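The values are calculated or read from the model by the stated rules, or taken from the named source; none is laboratory data. Computed from a prediction, not measured in an experiment: that's the story for all the values here. Every residue, glycine as well, gets a Cβ built from its backbone with ideal geometry; the counts of neighbours run over all protein chains shown. Please note that ligands, DNA and RNA were not included when accessible areas were found on the heavy atoms of the full protein model with its side chains. Shrake-Rupley method; radii C 1.70, N 1.55, O 1.52, S 1.80 Å.
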Amino acid sequence: MTQVEHDHNHNHAAPRSAPPILELINVHAAYGRIEVLRGVDLTVPRGAVLALLGANGAGKTTLLRVISGLMEPTEGDIHLGGMHVSGASPDALTRAGVTMVPEGRGVFPNLTVEENLWLGSYSGRHVDKILTEAYHRFPRLKERRRQLAGSLSGGEQQMLSLARALAADPALLLLDELSMGLAPLIVESLYDRVAEIAEQGVSILVVEQFASSALRVADYAAVMHGGRVVATGEPDEIESVLTELYFGGTA
Amino acid sequence: MDVFVSYTIYGLFFGAAYAIAASGLVLTYTTTRVFNLAHGATSMVAAFVFWQLHVDKGMPTWAAILLVLFVFAPLYGIVLERLVMRRVSDAPVGVMLVMTLGLFLFLIGIAQQIWPSNTSKYRYVTQFFGTKSFPVFGVQMYYHYLITIIAAAACAAGLYVMLNRTRIGTAMRAAVDNRELLQLFGANSNRVSILSWIIGSQMAAVAGILLVAKTGLDYYQLTFLVINAFAAAMLGRLRSLPFTYLGSILLGLAIGYSQYVHGSELLENGLQFALPTLMLFLILIFVPEVRLRVGQVKGVLAANVPSARRALTTGVVFFFLALFVTELLNPTNTLRFGEALVFGITMLSLVLLTGYGGYVSLSQLTFVGVGAAVVCKFNTSSPVAILVAVLITAGVGAAVALPVLRLTGLYLALATMAFGQLMDYLVFNASFMFGFGGKINAKRVSLFGYDFSDTTSYVALELAVFVLLGLGLLTIRRGAVGRLLIALRDSPAACATLGLNQRWFRVAVFSVSAGVAGLAGALMAGLQGYAAPGDYKEFQSLPLLLAAAVAGITTVSGAFAGGLLLMLLPVLAATSTALSGLEFLVLGGGAILLARDPNGLVNLFYRGMRAVVPRMPVPGWVTQRAASAPKPAEVDGEEDEDLDEIPEAQVAGHGVA
Ligand SMILES: Nc1ncnc2c1ncn2[C@@H]1O[C@H](COP(=O)(O)OP(=O)(O)OP(=O)(O)O)[C@@H](O)[C@H]1O
Ligand SMILES: [Mg+2]
């Protein structure tokens, strides 16, 4: 298993020449013998927000699972800030500064809000600091701190999930479909928070099916199709590619 | 008044010891979702280790306790987690039960091997502080009892603080919902579950050490005494520690006060033993329905079903081949083969229930016993007796299943265990069942004027029954019912939307399975010429299930191999005292190793054969497929296409929510 160092904390404002925060080279991954990722190449520059788009089943979630260490790639290399990390365990990666807000609700429903944040301290930071920061960013969570996370509204759960992911003081934040099952207004306000987080220098890889909200905060965008990244570019360039993929019926 | 107080104290002692055992069980269940059937066996082994250190090696009590609790139990917990529990935690309930049951028997086998029963050296452990006592409300209370009650209180407090006030305890509660998420939080989830198993094993060990003075050092007594804790744990629905404690105390008191009941020895002893089981059964009947969880398809393994023509030819060839072999056997071995066939027929009932349906019955041999008893009661050679035996057993099966089948497989398995034990204590031992000497005679059946008095011909009859049942089973499997069974096993939630009355369907399946077991019993009585309750003890259902699982519980050929295995192992073990633990070591170890592949040894055998003779036509060739292979139509494929192309079974992660 690759050892990952705890070096991320203050490298947010690293010089341009530094290696990109995330670099994927020819990454393959499979469930059993069903290959889902078929050679993904993708780079997330330091401090940038990259929106990863694509239709259902394109392999976006799988890619995030591979980056966060939940799945091992069958082939290919993953570099994190220049370090080779393929095969590192998810907890080691979290402690090293890659955190993920997984698809669905990334909270423990049977623990209270505060207990959820407490477990965030496994990332290596002190719990008091985590709580202060989380409640400052999301005052709603403070009001509900003794409530079971499972009884929060969908938007509040996503806030908690985001707050927990930020508890690790990440260098790279992976967001998988924040918008799932939420009302458009709530989605917009969540993405406002994402924009704030990005301004503080955190690199973000955000996966969305519905492009507009993600593209609004993104510096770059990439499109996945059939287990590969088929296009990358500025958000407005990508929109035309998307239109073709969704409506043009190309395979 | 004095009597009342002393019964109360006695009851509180047992209640406290049960509480410790039960909360260990609840802890591991709530943190890992593994229901450890071997919890009691852990207590038993810990008690033996304690005896070894304290009595045999003469260590002071405190040193022996510390060694058991802080060296033996943690090591055991770590090994357990790494070698067994980690592989079970995401498996279907049936696999989990078979694996922990395997561990259960394996531990008994180990104990038998390390500490063989030995008449010249009687092993015992006395209570702490001997008979020293102090007065409470006019009666004397042993220090041992006081220590036990204090230990229970300390465990409760310790568990509460750990689970609610420490981060690792909170992580333990979290892990059960989603291990992956816990890792994304930065915690090492393996470490969390190792800790659960360490603490769970420690609590089992504490209970074992406290109870051993009462039960004596015995492979079974202590093991089953702690199983009584299941009842207490169930009152808390395996979740709530306070209710688990309440259940334990109530159970302990009930046992204490049961001493008020005087009457026949059967009643007095039976009541003491049966109370916890009765309580377990009642709680199971009344616990609310569990909501179905969606998307639980994990590690499903499908056996390929041979076509009707191939099954028929194989059956006929098998029949004559086996008949030819039978002719060569001497009388003892003919009888043994007949016994193996009865086991095989019983295992066919498990192929239906467990192999196809995914349900685990821990009392299949009890049904065999019912069938045997009914035939004996008739004491006639008319085949009608067999028919009635089958019908009655099927009815009993339906009656057992009806109240609990709305629950998950775990609860059903425990209910069958409770049923089997109740039958042991209350029915099979009663004089109306097997008479006073515990043995009643049976006549062999005669068909069309032929009386099968020659054992070889009777074995031929059994062979015919086995083949016919096997063919029938395969026909069911190929038909709509079979598909439905598999679908129900794999995704009950999805089937709930089909509008099928699942409960009645399951009751029917359970009942048919019991009926087949009853048929096996009827044949057994005829084979032996008698029936005795000792042959149908609940406990013996466990090696039966494991032998079926090891040989291959999804196929007819597996049932045949399982029957042979179950018959041969005790015969082998009896050849030398050095092999005293053989049967349970092989079955338990085999189940632990193979449970992930319920297609068992038979499958491995066929694979091996295929490797040597690639084009060999194999009956019931078994293959494994990916759980989420997106080609469901293929899973029921009749002919064996080029199976080497098919992916190995995979345990799907939590990726598909
Ligand atoms: N646990 C699994 N086992 C087998 N196949 C899987 C599993 N999880 C996902 N897949 C398959 O992998 C492919 C990619 O899935 P993935 O979840 O990565 O897609 P996605 O791009 O995130 O889609 P969506 O937008 O719907 O979330 C799909 O075809 C899916 O069926
Ligand atoms: Mg997805």
The condition from (1) at the interface with chain B (Cβ under 7 Å from one of its Cβ atoms); (2) open to solvent by 20 Å² or more (accessible area, probe 1.4 Å); (3) modelled with pLDDT under 90 that residue A:81 misses is numbered (1)
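Tell me yes or no: at least one residue of segment B:73-83 is modelled with pLDDT of 90 or more and acidic (Asp, Glu).
yes
Please verify whether segment B:394-402 includes one or more residues that are surrounded by 23 or more Cβ atoms within 10 Å (Cβ to Cβ) and of a type outside the set (Gly, Ala, Ser).
Within segment B:394-402, one or more residues are surrounded by 23 or more Cβ atoms within 10 Å (Cβ to Cβ) and of a type outside the set (Gly, Ala, Ser).
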Given (1) assigned to a strand (DSSP E or B); (2) exposed (fewer than 13 other Cβ atoms within 10 Å of the Cβ); (3) not acidic (Asp, Glu), residue B:131 misses just (1)
The number of residues in segment B:153-181 that are at the interface with another protein chain (Cβ under 7 Å from one of its Cβ atoms) and not in a loop (DSSP other than H, G, I, E, B) is 7
Note: among A:54, A:59, just one is over 21 Å from residue A:161 (Cα atoms), within 16 Å of ligand 2 (Cβ to nearest atom), within 14 Å of chain B (Cβ to nearest Cβ) and surrounded by 21 or more Cβ atoms within 10 Å (Cβ to Cβ), namely A:59
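Take the conditions open to solvent by less than 10 Å² (accessible area, probe 1.4 Å) and within 14 Å of another protein chain (Cβ to nearest Cβ) and apply them to residue A:36. Does it pass? First the steps, then the outcome.
On the way: open to solvent by less than 10 Å² (accessible area, probe 1.4 Å): no; within 14 Å of another protein chain (Cβ to nearest Cβ): yes.
It is false that residue A:36 is open to solvent by less than 10 Å² (accessible area, probe 1.4 Å) and within 14 Å of another protein chain (Cβ to nearest Cβ).
If we only count helices (runs of 4 or more DSSP H) wholly inside segment A:113-212, which ones have 2 or more residues that are more than 16 Å from ligand 1 (Cβ to nearest atom), open to solvent by less than 40 Å² (accessible area, probe 1.4 Å) and within 13 Å of another protein chain (Cβ to nearest Cβ)? Break it down into steps so the answer makes sense when it comes.
Values: elements: A:113-119, A:127-137, A:139-143, A:154-167, A:184-199.
Per the criteria, A:113-119, A:127-137, A:154-167.
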- [ ] Considering every residue within segment A:166-186, establish whether at least one is modelled with pLDDT of 90 or more, closer than 24 Å to residue B:181 by Cβ and β-branched (Val, Ile, Thr).
- [x] no
Within segment B:182-194, of all residues that are touching a residue at least 40 places away in the same chain (Cβ under 8 Å) and open to solvent by 10 Å² or more (accessible area, probe 1.4 Å), the one farthest from the other protein chains (Cβ to nearest Cβ) is B:194
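Name the single residue that is surrounded by the fewest Cβ atoms within 10 Å (Cβ to Cβ) among those in segment A:100-111 being more than 7 Å from every other protein chain (Cβ to nearest Cβ) and in contact (Cβ under 8 Å) with a residue 60 or more places away in the chain. Even if it seems obvious, please write down each step before you answer.
Residues of segment A:100-111 more than 7 Å from every other protein chain (Cβ to nearest Cβ): A:101, A:103, A:105, A:107.
In the following step, the residues that additionally are in contact (Cβ under 8 Å) with a residue 60 or more places away in the chain were identified as A:101, A:103.
Numbers: A:101: 27, A:103: 18.
The extreme case among them is A:103.
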**Study point:** Test for residue B:492: is it within 30 Å of residue B:387 (Cβ to Cβ) and at pLDDT below 90
**Key:** no
Per the list (1) more than 16 Å from ligand 1 (Cβ to nearest atom); (2) closer than 24 Å to residue A:20 by Cβ; (3) of a type outside the set (D, E, K, R); (4) in a loop (DSSP other than H, G, I, E, B), residue check on residue A:108 breaks on (2)
Going through segment A:218-241 in order, the residues found to be closer than 23 Å to residue A:195 by Cα, surrounded by fewer than 20 Cβ atoms within 10 Å (Cβ to Cβ) and among the β-branched types (Val, Ile, Thr) are A:232
Of the residues in segment B:194-243 that are modelled with pLDDT of 90 or more and hydroxyl-bearing (Ser, Thr, Tyr), the one that is farthest from residue B:163 (Cα to Cα) is B:201
